[in-house]
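Rule-based calculations on the coordinates, nothing more; no lab input. Computed from a predicted structure; not experimentally measured. Cβ sites come from the backbone with ideal geometry, for glycine too, and all protein chains shown count toward neighbours.
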Amino acid sequence: MCIRDRAEAEVEMEVAQRAEHVTERVRDDIREEVSKVEGSADLKAAALRGQKRVVDERNDAVEMKVRQLRKQSDDLDRMRKEAKMNTQLSVRSALVGIGNGVRHTKSLERKLATATDDLQQFTKRGRQIDGQLLEAKRLREAVDKATEKLKGLREEKKQKKKTIVRSPVYAGSEDGGGWYDILAQGLCNDFCRTVALPSGERKWRCSLAGGGESDEHEEQGQKQCAHKGGFSDSPAGHEFGSLQQKIELTQETISKLSGLAATIDVGHLEGELVINKGEVAAAEAHEQLLEESVDASKKATQAEKRAMHERAPGDNRVAMLQKQLDELKARKKWQGKQIEALAEAARLAKFADPPLEEVVYTNGKLAKYGLPDDKLPIS
């Protein structure tokens, strides 16, 4: 075999080895990302779907390489039998390979654009969820703060009544009388009415809060309240009224804040955030794999162009290409088994309590086909 044939075969083998190395590195990165959020069934499913998609892309690349190697092998057989047509057939084959490579690169670039857009959408949604959770936390804190304030106001009102207010004791008919704040407590707990004395004289008499009656007060200048226990038109009454107004405003604030907080389903958002993190991790790995694949495809096409005018028939070259073809076929079969195992694991990860027998069987397949780190947890 000539030097340039050997060099071209070494380049192709190096490309295949680098693709395998990149794929292994990407899979390790995926496992590392998935391990950060392991324990969530939804996250595990999202990561497994991402892993499956990565393996699918790698399998597509292997299949493409198989087709290319098979085509090259057929070309070399023909070149060996038809030496006269060797140069023309080699050039045509190279052009077909270059065209296929260019089309494959374009296809990968379109997939990369889609993957990048998906990643941006997942990232954007993650920021939205974080914002909603932050708003829910702010509302909860505001409700807690307002509730503490309400407790303080009620306690202040309670202590104020306890220290300075006497309770009303009058329980008779309220006809011909009314409630006043004779004792200037701030609350109308004194009942006053006009009574007839034995002498025939009429007198204004008050049943004072806390007990006892008094004829010493004049009705003139006193302001009647609308009902028993109402706030009087006095400094103490104004203070009670202001305190009650603060209590009512605080209650209204709590009601509004609680209503706003109730519109945010925190549990659902937290679950969605876990899934979103898994989707972002898978999308990042997918994007990285496609970037590597695009770069490798471009390099392979350039190498094909450089070698286009240097191709020559040879039994050794045919044997080497056949060996590569056989290796790629075996790898494709192995990856097909990995895809089946990952798909089954992704399906089971969606269930909160998957059947134990199926989990054990699927974990056995994952271990058998080189994916022990992707095993499902057994509870």
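Given R₀ = 35 Å, FRET efficiency for Leu197-Arg166 by Cβ-Cβ distance, to 0.05?
E(calc), rounded to 0.05, equals 0.85.
Among the lysines, which have Cα under 29 Å from the Cα of Lys228 when same-chain residues fewer than 8 positions away are ignored?
Lys149, Lys151, Lys157, Lys158, Lys160, Lys161, Lys162, Lys203, Lys246
Find how much the distance from Arg125 to Lys157 grows on full extension, using 0.36 nm per residue of separation minus their present alpha carbon separation; answer in nm with one decimal. Display every interim value, and only then the final one.
Numbers: separation 32, 0.36 × 32 = 11.52 nm, distance 4.78 nm.
Answer, rounded to one decimal: 6.7 nm.
Could you tell me whether segment 206-356 comes out rounded, prolate or oblate from its Cα gyration tensor? Rule is a ≥ b ≥ c as square roots of the eigenvalues, rounded for a/c under 1.5, then prolate if a/b exceeds b/c, otherwise oblate.
Prolate shape, in that a/c is at least 1.5 and a/b is the bigger ratio.
Name the lysines eligible as straight-distance cross-link partners of Lys329: C-alpha to C-alpha under 22 Å, and not fewer than 8 places from it in the same chain.
Lys52, Lys65, Lys71, Lys337, Lys365, Lys368
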